[in-house]
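Asks: Sharing a structure with you now.
Every number here is computed from the coordinates shown, using simple stated rules; none is lab data. Computed from a predicted model, the values in this text were never measured in an experiment. Quick reminder, even Gly has a Cβ in these numbers, built from the backbone with ideal geometry, and neighbours come from all protein chains shown.
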Ligand SMILES: [Zn+2]
């Protein structure tokens, strides 16, 4: 994982320094401009649905080339998680959605994901160059076991349970 090696203000090399109140060391600028706090990369994933169908996309990029995924992706600086979620849905599927509330979060050590469901409200299902295929699946047609990210698959399973019980 890439991280800061130099102060973004003065260009000095960062040096590891003990931070008393955190009881750990962090890379800091000795001029006092900057402390580097590595943080998780935020992503959003959206279960775009219409009745008993959900939209999945088949990835055209690694990791997980050729496997299925929920719509979503990395947030862009300057947007909220909600804005990023809706932007990704539109970019990847051409669909407009009414975003629901976040129903789950997932965290690894490098990225975290906020899950939303979203009712499809308009647009036209199209495939961007990020995907090999974008498709509506009835609940009983979902390609379980062929997902790029296990946490997407688990979130979708959990969500379907709440919809059908
Ligand atoms: Zn500095």
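Asks: Answer yes or no as to whether residue 94 is surrounded by fewer than 19 Cβ atoms within 10 Å (Cβ to Cβ), within 20 Å of residue 143 (Cβ to Cβ) and without any contact (Cβ under 8 Å) to a residue 60 or more places away in the chain.
Replies: On the way: surrounded by fewer than 19 Cβ atoms within 10 Å (Cβ to Cβ): yes; within 20 Å of residue 143 (Cβ to Cβ): no; without any contact (Cβ under 8 Å) to a residue 60 or more places away in the chain: yes.
Considered against the rule, which asks whether it is surrounded by fewer than 19 Cβ atoms within 10 Å (Cβ to Cβ), within 20 Å of residue 143 (Cβ to Cβ) and without any contact (Cβ under 8 Å) to a residue 60 or more places away in the chain, residue 94 comes out as no.
Asks: Being within 16 Å of the ligand (Cβ to nearest atom) and assigned to a strand (DSSP E or B) is the filter here; which residues of the stretch 1-21 pass it?
Replies: The answer is 6, 13, 15, 16, 17.
Asks: Now for a separate question. Only one of (1) within 16 Å of the ligand (Cβ to nearest atom); (2) within 20 Å of residue 110 (Cα to Cα); (3) loosely packed, with under 11 Cβ neighbours inside 10 Å fails for residue 24. Which number is that?
Replies: Failed condition: (1).
Asks: Of all residues in the stretch 40-68 being touching a helix residue (DSSP H, G or I) at 6+ places or on another chain (Cβ under 6 Å) and farther than 26 Å from residue 109 by Cβ, which is surrounded by the fewest Cβ atoms within 10 Å (Cβ to Cβ)?
Replies: Only one residue fits best here, namely 52.
Asks: A further question follows. So which of 47, 61 ends up being under 22 Å from residue 91 (Cβ atoms) and either in a loop (DSSP other than H, G, I, E, B) or more than 14 Å from the chain's Cα centre (by Cα) (or both)? Outline the logic, then answer.
Replies: Numbers: 47 fails: either in a loop (DSSP other than H, G, I, E, B) or more than 14 Å from the chain's Cα centre (by Cα) (or both).
Going through 47, 61 in turn, the sole match is 61.
Asks: Under 22 Å from residue 58 (Cα atoms), surrounded by 22 or more Cβ atoms within 10 Å (Cβ to Cβ), in contact with a helix residue (DSSP H, G or I) (Cβ under 6 Å, 6 or more places away or on another chain) and in contact (Cβ under 8 Å) with a residue 24 or more places away in the chain: which single residue out of 71, 75 fits that description? Give the steps one after another, and end with the answer.
Replies: Details: 75 fails: surrounded by 22 or more Cβ atoms within 10 Å (Cβ to Cβ).
The match here is 71.
Asks: Is it true that residue 37 is loosely packed, with under 14 Cβ neighbours inside 10 Å, in a loop (DSSP other than H, G, I, E, B) and near the ligand (Cβ under 10 Å from one of its atoms)?
Replies: Numbers: loosely packed, with under 14 Cβ neighbours inside 10 Å: yes; in a loop (DSSP other than H, G, I, E, B): yes; near the ligand (Cβ under 10 Å from one of its atoms): no.
Taking the combined requirement at face value, the residue does not satisfy it.
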